[in-house]
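Participant: Can you read through this structure? Questions will come right after.
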Amino acid sequence: MFDLLITNATLPDGRTGMSIGARGGRIEAVEAGLTAEAGEVIDAGGLLVSPPFVDSHFHLDATLSLGMPRMNTSGTLLEGIALWGELKPLLTHEGLVERALRYCDLAVSRGLLAIRSHVDVSDPRLLTVEALLDVRERVKPYIDLQLVAFPQDGYFRAPGAAEALERALDMGVDVVGGIPHFERTMADGAASVEALCRIAADRGLRVDLHCDESDDPMSRHIETLAQQAVRFGLQGRVAGSHLTSMHSMDNYYVSKLMPLMAEADIQAIANPLINITLQGRHDSYPKRRGQTRVPELMAAGINVSFGHDCVMDPWYSLGSGDMLEVAHMALHVGQMTSREAIRSCFDAVTVNPAKALGLEGYGLEVGCKADMVLLQAQDTIEAIRLKANRLAVIKGGTVISRMPVVQADLSLPGRPTRVNPADYAPKGGQP
């Protein structure tokens, strides 16, 4: 007898009529047409069942702080950093925890059950670290929260940041972070990459650096990161986040750079919503898009994932915790409109970030954790197109969030009276 049995499901790989049986928090069966007793049976009705969404890049310490203490009037990255600096002395443990937990509630309702959050360690009080370690423990039953020690004001540039980063790791933060392009010089940035990779190698940790988040075509920290990953034997455990300078680099240099990244097995993390608003602010027209070279990186065999980055904070005044919105924006900006490319964008908010974070037991295979999302869509393309409703969010074989089917009742003479968005897709037949 299963704890949970989902029947008549479509899977992300296109298989239909599938059943998924879960017991003891793990998936025990994935096969077509399975019938068995279960504590709860969900008939998916042919709709899509996916592993949960994963956000590979977020800032949970800043989330939902919009307007505190003022708004970002220029909309630039640097004013956002300055504004966050104004807010830090006003932060409290209770306020940080309350805002983070509110966001985590929203995340669960969106089927987002794994988040990598960068935590600012520039303030030697490490108030943000203490608060998010508290949050990590509180949400552990339903969200895999991975924390990055992030020296927002620069590893070398901010007084005491190097020592504070080590203390944060001693306290239990999971990943080594950095921001080399915010150091005083390019040389200091390169030195910070080396120092941070050395720390990760010595401690057996992963690395995730905010890397080349600028419009500067000469920013070269991702090249250094790839080299240091190989030097310290960190292949597969190093992520370069943002990488927006790649959209301004010349094609010849990028043709050299991407093979270096592939050799080092760098995890590339793009943040579409944020970088298309923050980047290009100094351009008139033509105005650069701001997103890194997502389709080209994927074609080079590099694992690319998408992050939400911000929700209602000093850098971004919008956001809803919806990773399908992130994928939807990414494919538009990257002009990834082929069927295959759209499917790859769905992967970039599910299986790809799960790989980048090193999540154990992620997926829809036998033996994986019974963590799933039932979406009001027929397939992954429709899920992105409609930013599909999450009908059920499942953690460890237990439904932890439900939403009703989205449809509209119309009163139009001579026309159908009920509209389900999923019904409005091409059906073939006569042109």
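The values are calculated or read from the model by the stated rules, or taken from the named source; none is laboratory data. Everything quoted here is computed from the prediction, not taken from an experiment. Positions of Cβ are backbone-derived with ideal geometry, glycine not excepted, and every protein chain shown enters the neighbour counts.
Participant: Among the residues of segment 213-260 satisfying the criterion of being of a type in the set (A, V, I, L, M, F, W, C) and closer than 19 Å to I276 by Cα, which is surrounded by the most Cβ atoms within 10 Å (Cβ to Cβ)?
Facilitator: The extreme case among them is L243.
Participant: Taking the condition of being out of contact with any helix residue (DSSP H, G or I) (no Cβ under 7 Å at 6 or more places or on another chain), surrounded by fewer than 18 Cβ atoms within 10 Å (Cβ to Cβ) and closer than 11 Å to D61 by Cβ, how many residues in segment 89-104 meet it?
Facilitator: Adding up the residues that qualify gives 1.
Participant: Within segment 241-296, which residues are within 18 Å of Q335 (Cα to Cα) and among the β-branched types (V, I, T)?
Facilitator: Those that are within 18 Å of Q335 (Cα to Cα) and among the β-branched types (V, I, T): T244, I269, I274, I276, T277, T292, V294.
Participant: A further question follows. What number of residues within segment 71-93 satisfy the criterion of being closer than 26 Å to T244 by Cα, more than 25 Å from the chain's Cα centre (by Cα) and among the β-branched types (V, I, T)?
Facilitator: 1
Participant: Tell me which residues, restricted to segment 380-395, are out of contact with any Gly (no Cβ under 7 Å at 6 or more places or on another chain) and not in a helix (DSSP H, G or I).
Facilitator: Hits for segment 380-395 are K387, A388, N389, L391, A392, I394, K395.
Participant: Limited to segment 38-64, what total is found for residues that are closer than 18 Å to L96 by Cβ, over 15 Å from the mean Cα position of the chain (by Cα) and buried (at least 22 other Cβ atoms within 10 Å of the Cβ)?
Facilitator: 2
Participant: Are any residues in segment 174-198 under 24 Å from the mean Cα position of the chain (by Cα), closer than 18 Å to F156 by Cβ and of a type in the set (A, V, I, L, M, F, W, C), and if so, which ones?
Facilitator: Once the filter is applied, which keeps residues that are under 24 Å from the mean Cα position of the chain (by Cα), closer than 18 Å to F156 by Cβ and of a type in the set (A, V, I, L, M, F, W, C), segment 174-198 yields V176, I179, F182, V193, L196, C197.
Participant: Still on this structure: What residue, of A200, A158, A187, A131, is of a type outside the set (F, W, Y) and within 23 Å of Q267 (Cβ to Cβ)?
Facilitator: A200
Participant: Conditions first: (1) part of a helix (DSSP H, G or I); (2) of a type in the set (G, A, S); (3) at pLDDT below 95. S122 passes all but one, so which condition is the exception?
Facilitator: Single failed check for S122: (1).
Participant: Only one of G178, G189, G204 is modelled with pLDDT of 95 or more and surrounded by fewer than 24 Cβ atoms within 10 Å (Cβ to Cβ); which?
Facilitator: Testing whether each residue is modelled with pLDDT of 95 or more and surrounded by fewer than 24 Cβ atoms within 10 Å (Cβ to Cβ) leaves just G204.
Participant: Right, next: In segment 158-201, how many are polar (S, T, N, Q) and free of Cβ contacts under 8 Å to residues at least 12 places away in the same chain?
Facilitator: Count: 1.
Participant: Could you tell me whether any residue of segment 199-212 is more than 19 Å from the chain's Cα centre (by Cα), closer than 22 Å to W315 by Cβ and of a type outside the set (S, T, N, Q)?
Facilitator: No: zero hits.
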